[in-house]
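Working notes, structure below.
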Amino acid sequence: MFLAIDSSAGTQVALVDSEGETLAEAVSDNPRGHAEVIGVLLERVFADAGVTPSGVTAVVMGIGPGPFTGLRVGMAAASAFAQSRALPLLPVVSHDAWGWGVGEDTVVVTDARRGEVAYSIYRASESAERIVGPLLAKPEELDAQLGAHASARRVNAAEIPAAALARVAQGFLAGGHEFPDPAPQYLRSPDVTLPR
């Protein structure tokens, strides 16, 4: 059983069995209340699925792109759960929830705030791998940055389904794909910096 956590756009938690079936999922679309809801969502998915945390065999961690503070909350929760139970921690780029495994060329776009979007480009193939991104663009410049991919199917993702991230991780394992580094995909520097 896979536990998946993503806080790159709202907060999502899901439990997915070894066959890729969703056992339970819980969502908060509050873009700023990640820390307040993460524990509640974890409790809810275990209660809804009627299972205990001891049944989890791997933890999937959405690594963004996403805002600095929000993204850290989900990643810290996933990392802490995995470390506390000596479980594999499987980092997945959050855009992969929408772009990995689709049957046509796809561009996944999420709100990066500050008048920008984050985007990733996926090429249709057996695994529909990500070939570009995630990167930042101003909305009015996105088509130009996409170039030949501007006509590809576009997903404007307001949320990142954690259950889909778990299935991506399962696909990576089954296909022998390499997971990305467990580092947050911030794409820009944080608002607050330490004085020199």
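Taken together, the values in this text are just the output of simple stated rules run on the coordinates, not laboratory data. Note that the coordinates shown come from a computational prediction; the quantities given were computed from them, not determined experimentally. Neighbour counts run over all protein chains shown; Cβ positions are idealised from the backbone, glycine included.
Brief remarks on what is shown
- For the residues Arg114, Arg123, Arg44, a GNM of the chain with alpha-carbon springs under 10 Å puts the largest fluctuation on Arg114.
- Each helix, a run of at least 4 DSSP H residues, gives -39500 (n - 2.57); summed and divided by the residues of the chain, these come to -8500 deg cm²/dmol at 222 nm.
- Helix 34-49 and the longest principal axis of the C-alpha atoms of the chain enclose an angle of approximately 60°.
- Cα-based helix-to-principal-axis angle, 68-84 vs the chain, degrees rounded to 10: 30 degrees
- Rg/Rg_globular for segment 51-158, with Rg_globular taken as 2.2 N^0.38 Å and Rg from C-alpha atoms: 1.22
- Length released on extending from Lys138 to Asn156, taking residue separation times 0.36 nm less the Cα-Cα span: 5.1 nm
- Fraction of beta bridges assigned by DSSP in segment 99-156 that are antiparallel (%, nearest 5): 75 percent
- Of the GluC sites (Glu not before Pro) found in segment 7-79, those in coil by DSSP whose Cβ has at most 13 other Cβ atoms within 10 Å are Glu19, Glu21.
- Beta bridges by DSSP in the chain, antiparallel share as percent, to the nearest 5: 65 percent
- Residues of segment 70-107 with amide N under 20 Å of the 7 Å Cα→Cβ point at Ala183: 70-80, 89-96
- Per-pair calculated FRET efficiency, R0 = 22 Å: Ala35 and Gln83 via Cβ, rounded to 0.05: 0.75
- Mean separation of Cα pairs under 8 Å and 6 or more residues apart, divided by the residue count, gives segment 1-151 a relative contact order of 18 percent.
- Between helix 162-175 and the chain: long-axis angle, C-alpha atoms, 0 to 90°, nearest 10: 90 degrees
- Taken along its principal axes, the alpha carbon cloud of the chain reaches lengths of 49, 47, 28 Å, longest axis first.
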